[in-house]
Amino acid sequence: MTAHIDIVIPVYNEGGNILRTLAALARELRTPARVLICYDREDDDTLPAIRGNPEAAGALPVAFVRNRGRGAHSAVMAGFAASTAPFVLVYPADDDYNAGMLDAMAAKAEQGHDIVCASRFMPGGSMTGCPWLKAVLVRAANFTLRHIARLPTHDASNGFRLFSRRAIECIAIESDSGFCYSIELLVKCHRLGWPIGEVPARWFERAHGQSRFRVLRWLPAYLRWYVYAFATTYLRRPASSVRLKTA
């Protein structure tokens, strides 16, 4: 059966997490899907963990995508380039608790939403165990983007997100660090007037491994798209100002 969703999972030594995540996806996801494991190095311990335990994914197809560069951004871009499904979902390698709501995200996408956000800050969502500085920055940014810039989501900064094929193939991504591409695609879709949806999601501070999220290092890049969202609403920047890919 052709995959309706390609699930892009960027990894960096996630051998201690990935099997539980794949098992949760195989157990709970009903939408036809394929998993793309996007990695930097051949010695990443995620790879032997998966290859040595193929039963973890069950009948869920798993493909390996080598990142031509280094880091989270390049890994996700490699996943986008390798994807062929109508919808592409970027999913955390250590998330074995949200698999059951991916079908709701797929349903929103089928209804015509070009982006579906997994929201920690809408009713039913939660964020637990977040370091205080990151929590303050994330909550403040999302509150102002929702209630002042009027982005149609409670959670603009979560990298756990579903994108339509149109969004990936038509919108030029100018970001080159971390997960900034995610908020960039969001604010550009908003400026274009393309539909954006959300579903509640939970978030827990990871128990194993090291997060690749570098809030202070990536803050200047995030601020660019934060300002972009306000410019859409208050400076009335037109949809024609969105940079699109050329054929």
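One table, with the values for the structure above:
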quantity: Failed item, numbered, when N53 is tested on (1) more than 30 Å from G112 (Cα to Cα); (2) touching an Asp or Glu at 6+ places or on another chain (Cβ under 8 Å); (3) of a type in the set (S, T, N, Q); calculated: (2)
quantity: Options E174, E169, E205, E198; residue that is surrounded by fewer than 20 Cβ atoms within 10 Å (Cβ to Cβ), among the acidic types (D, E) and in contact with a strand residue (DSSP E or B) (Cβ under 8 Å, 6 or more places away or on another chain); calculated: E205
quantity: Condition broken by L162, with the remaining ones in (1) surrounded by fewer than 19 Cβ atoms within 10 Å (Cβ to Cβ); (2) modelled with pLDDT of 95 or more; (3) under 17 Å from the mean Cα position of the chain (by Cα) satisfied; calculated: (1)
quantity: Those residues of the stretch 22-38 which are within 18 Å of the chain's Cα centre (by Cα), touching a residue at least 40 places away in the same chain (Cβ under 8 Å) and over 17 Å from M105 (Cβ atoms), in sequence order; calculated: L22, C38
quantity: Of all residues in the stretch 105-159 being in contact (Cβ under 8 Å) with a residue 60 or more places away in the chain and among the basic types (K, R), the one that is farthest from A75 (Cα to Cα); calculated: R150
quantity: Whichever residue in the stretch 179-220 is outside any strand (DSSP E or B), of a type in the set (A, V, I, L, M) and at pLDDT 85 or above and, among such residues, is farthest from N98 (Cα to Cα); calculated: L192
quantity: Condition met for R166 (closer than 30 Å to L235 by Cβ, in contact with a His (Cβ under 8 Å, 6 or more places away or on another chain) and of a type in the set (K, R)); calculated: no
quantity: Residues located in the stretch 114-156, provided they are assigned to a loop (DSSP other than H, G, I, E, B), surrounded by fewer than 18 Cβ atoms within 10 Å (Cβ to Cβ) and aliphatic (A, V, I, L, M); calculated: M122, I148
quantity: Some residue of the stretch 57-71 being touching a residue at least 60 places away in the same chain (Cβ under 8 Å), closer than 15 Å to F179 by Cα and part of a helix (DSSP H, G or I); calculated: no
quantity: Any pair with Cβ under 8 angstrom, 6 or more apart, that starts in the stretch 168-187 at a residue that is at positive phi and in contact (Cβ under 8 Å) with a residue 24 or more places away in the chain and ends at one that is of a type in the set (D, E, K, R) and buried (at least 16 other Cβ atoms within 10 Å of the Cβ); calculated: G178/R212
quantity: Check on A81, aliphatic (A, V, I, L, M), outside any loop (DSSP other than H, G, I, E, B) and more than 25 Å from G178 (Cβ to Cβ); calculated: no
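The values are calculated or read from the model by the stated rules, or taken from the named source; none is laboratory data. What you are looking at is a predicted structure, and each value in this text was computed from that prediction instead of being measured. Cβ atoms come from the backbone with ideal geometry, glycine included; neighbour counts cover every protein chain shown.
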